[in-house]
Amino acid sequence: MNSPVEDCIVIGAGLSGLAAARTLQSAGLEVLLLDKGRRVGGRMASRHFEGAHFDYGAQFFTARDPEFRRVVDGFLGTDVAAPWFDREGETRYCSPLGMNALPQSLAEGLRVACGVTVAAVRRDQNLWRIVTEEGEEYSTEVLVVTTPVPQALALLELSEQARNDLSTIEYHRCVAILAVLAGESAIPAPGFLRIAQEPLQTLADNRQKGLDGEMTGVTILAGPAFSLLHWETVKEEAAKLLLAAAAPWLGSPVTHWRYHRWRYSQPVQTFDARCYGIEGGPPLVLAGDAFGGPRVEGAFLSGVAAANWLLER
Ligand SMILES: Cc1cc2nc3c(=O)[nH]c(=O)nc-3n(C[C@H](O)[C@H](O)[C@H](O)COP(=O)(O)OP(=O)(O)OC[C@H]3O[C@@H](n4cnc5c(N)ncnc54)[C@H](O)[C@@H]3O)c2cc1C
């Protein structure tokens, strides 16, 4: 089915895509976000199972930059954003409703189509034509791409210069185990431990963090070396290794667990500009945490920068 020509399409409704879309919509553009996920938020992911509630992507966020700080301040006092703990004089925030609550809130008032996987993007004179795996076609005058960079490179026909600039951006992988416990965990307050010693990266007790749930849910994130080595290992085996490594902090028997693999967890290195705009055709700009910094706040700021780059054209 062909759709009418859009002012602007944003591919990816994670924090960077939502920030770009909000900025562009505030400036008067009609914006449509497309995301392959069942809901917005990308790596700000939360889920319930077996009576426990988990954040299994981003665990917390910082608000160093005044622009992002203003957004976070706007949600303080609600369950969308609350201080979790301080480290080195800086506050780490979380969402007591689950980290996905922040992108859900930022998506209010935006046009978002979820469950739409972009398969290819091609230039057609002054327009971008987007083809989806579901067989739909979209056209737009302006395009913002906020998928992880290797996924963007697979979608776009770019110049050799742009490919050279962007193809060096790599991401760590991350294997996550979501463990439901029969009782309390042994993770000390405030419920977050950065282990940073393979095979473990971090441990988080979601109930101590403030997420609801009758049962304690602990999120175990593996380190990058373990995640790479065990990417193809059967999940039962990988989970056994990670649960054994985490055992000193679990404190209660594991009754159930789930396994999730993040192929693009956090960028290994970031590009030295907040977005990557491409001239010489219909406007196209790439954004995401690979440009703004490998964190929630970086993704947000990159989305804003991408929108501003477009608005200055
Ligand atoms: C395990 C883990 C732990 C983390 N911990 C922290 C932390 O504690 N603090 C912190 O600040 N940051 C953390 N991060 C990083 C943080 O989550 C990211 O930096 C941020 O969420 C990235 O936002 P983004 O918009 O750039 O990308 P994403 O959130 O990845 O959004 C990209 C979107 O593009 C969509 N997409 C991809 N391909 C297509 C396609 N073909 N068609 C349509 N849609 C598509 C995806 O579905 C996704 O929603 C963590 C990340 C992970 C994975």
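What follows draws every value from the coordinates through simple rules; no lab data is involved. In this text, all values refer to a predicted model and were calculated from it rather than measured experimentally. Quick reminder, even Gly has a Cβ in these numbers, built from the backbone with ideal geometry, and neighbours come from all protein chains shown.
Structural remarks
- With R₀ fixed at 25 Å, the C-beta to C-beta distance from GLU141 to ALA162 puts the FRET efficiency at about 0.80.
- Proximal aspartates and glutamates relative to LYS240, as straight alpha-carbon distance under 16 Å, when same-chain residues fewer than 8 apart are discounted: GLU198, GLU232
- Basic side chains Lys and Arg get +1 at the Cβ, acidic Asp and Glu get -1 at the Cβ, and with that the dipole of the chain about its Cα centre reaches some 460 debye.
- Less than 5 angstrom separates the built amide H of ALA113 from those of LEU33, LEU34, ASP35, all sequence-distant by 5 or more or on a different chain.
- Considering only VAL304, PRO148, ALA287, the residue lying farthest towards the positive end of the dipole of the chain is PRO148, judged by Cα position with unit charges set on Cβ.
- In order through the range 124-134: 3J(HN,Hα) via Karplus (6.51 cos²θ - 1.76 cosθ + 1.60), integer Hz, x for Gly, Pro: 10, 6, 9, 10, 9, 9, 10, 10, 10, 5, 7
- Convex hull (Cα only) mean projected area of the range 136-199, reported in nm² to one decimal: 9.3
- In sequence order, calculated HN-Hα J values of the range 166-178 (Karplus, 6.51, -1.76, 1.60; Hz; x Gly/Pro): 9, 6, 7, 7, 10, 10, 6, 9, 8, 8, 10, 10, 10
- Our summary of shape: the Cα atoms of the range 93-136 have principal axis extents of 46, 22, 18 Å, ordered from largest down, in whole angstrom.
- Amide H contacts of HIS172: SER265, GLN266, VAL268, each under 5 Å away and 5 or more positions distant or on a separate chain (H built 1.01 Å from N in the peptide plane; Pro and chain starts excluded).
- Paired Rg and Dmax values of the range 165-313, which use every Cα atom, in angstrom: 18.9, 60
- Per residue, the average separation of C-alpha pairs within less than 8 Å and at least 6 apart gives the range 174-262 a relative contact order of 46 percent.
- Of all lysines in the structure, the ones whose alpha carbon falls short of 28 Å from that of LYS36, not counting any fewer than 8 places away in one chain, are LYS235.
- Over all pairs of different C-alpha atoms, the range 90-231 has a mean inverse distance whose reciprocal, the Kirkwood radius, equals 18.9 Å.
- Remark: the range 46-137 carries a charge dipole of roughly 220 debye about the Cα centre, counting +1 on each Lys and Arg Cβ and -1 on each Asp and Glu Cβ.
- Quick note on the chain: its Rg to Rh ratio, both from C-alpha atoms and Rh being the Kirkwood radius, is 0.98.
- Oblate is the label for the range 30-89. Its Cα gyration tensor axes, ordered a ≥ b ≥ c, give a/c of at least 1.5 and b/c at or above a/b.
- Whole-number percent relative contact order across the chain, with pairs defined as alpha carbons under 8 Å at least 6 apart: 23
- For the range 174-262, the fraction of C-alpha pairs farther apart than 21 angstrom is 22 percent.
- Taken as Cα centroids, the range 54-119 and the range 153-175 sit 26 Å apart, rounded to the nearest whole angstrom.
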